[in-house]
Structures are given as C-alpha cells and as structure tokens.
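Please read the structure below before turning to the comments.
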Amino acid sequence: MHKQRLAVLGLIFVALMAAVTVIAHMSCIWLGEACYRVQLAPNVLVESAKNGTWLAPVATVGISLLFAICGAYALAGAGLIRRLPLTYLALVVIGILCVIRGLAGLVLSIVFIDMVTVFSVIASAIWFMCGLMTCLALKWVPNIKMTPANTTSI
C-alpha cells in the first residue's frame, strides 16, 4: 500500500479513536460513578461523581473537548476537512503526546502490576499506535506541512 494512503488511513483511525474516546468519556456523566471507576478516572473525579458535585462533569466535558479537537486535527491532516490553524504543529504535539501516553501506560502496567486491567493495556497500546501513525503521517503526507508560499489567507 502506498505510504501516503496508509498515513491518511492512520489519521482516520486516530480521529475514530478520538471520537470513541469522547463518547466513552461523556458516557460517564450519564452512567455515573461506576463508569468513572471503570475508565480509571482519578479518585477525585470518582468522588465528585459519587457526591454529585460539578467537578466530574466539567472535567469530563473539558477532556472530551480536547479529544474532539485532536480528532478534528487528525481529519484535517488526512485532508478530509478544511485545514485548521497550526495543523502541522498540532499533529506534532498530538503524535508526541500519544506516544508518551502509550509508553507511560505500558511502563506503569509493569510497575503497578496489581492495577493492570485488559482495558488499561489495550488503551495504552491503541494510543501508542495512534501516536506512531500521526508521526508517520507527518512524514508521509506532503499536504500536512504547508510552507507560507503555498498557503492561502483566510
């Protein structure tokens, strides 16, 4: 398969994973404390959900918004939606953060073996792959890095 096409498919996968993550996180608002606990949310958010305070839903919406933005940038990088401001820089940051998140999750699974779940290992592996795919797309998709000479003003 041609590298550019593979990279575009990778960015679509990243956007899909971001969308799934938004849905999963937002479901916690309606499903409550148990959902936060299953998704390994910090104890402060689990307690907030349990006590009915605003911290859990506000933090959940904020985190979901960040994932939605990541998905939008992945789609912009894939050329499926209009180019967003600072697309190249955003994808560099997203790629690096996804790789770090994936590696950190796998390393922490080794260090804190008693806290390992199938969900945590799969999530770490998926985000690591998303980071790698984003980094490869930065190299293989020529339209992502646009020079000032070939950009148009908005």
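A short reminder: the numbers here are calculations on the coordinates, not readings from a lab. Here the structure is a predicted model, which is why all the values come from computation and not from measurement. Glycine gets a Cβ as well: all are built from the backbone with ideal geometry, and neighbour counts include every protein chain shown.
Taking every DSSP helix (H) stretch of at least 4 residues in the chain, weighting each as -39,500 (n - 2.57) and dividing the sum by the residue count yields a mean residue ellipticity at 222 nm of -26000 deg cm²/dmol.
Near the amide H of residue 81, within less than 5 Å, lie the amide hydrogens of 76, all on another chain or at least 5 residues away, with H placed in the peptide plane.
Ignoring the sites themselves, the chain has its longest run without chymotrypsin sites (Phe, Trp or Tyr not before Pro) in a DSSP loop having at most 16 other Cβ atoms within 10 Å at 55-111. Across region 65-82, rounded Karplus estimates of 3J(HN,Hα) from the backbone phi angles (6.51 cos²θ - 1.76 cosθ + 1.60, θ = phi - 60°) give 4, 4, 5, 5, 5, 4, x, 5, 5, 5, 5, 5, x, 6, x, 8, 10, 4 Hz, Gly and Pro being marked x.
Rounded to whole numbers, the Karplus 3J(HN,Hα) couplings from phi for region 11-21 are 5, 5, 4, 4, 4, 5, 5, 5, 5, 4, 5 Hz, using 6.51 cos²θ - 1.76 cosθ + 1.60 with θ = phi - 60°, and x at Gly and Pro. Cross-link partners for residue 3 among the lysines, with Cα-Cα distance under 25 Å and sequence neighbours closer than 8 places in the same chain left out: 139, 145.
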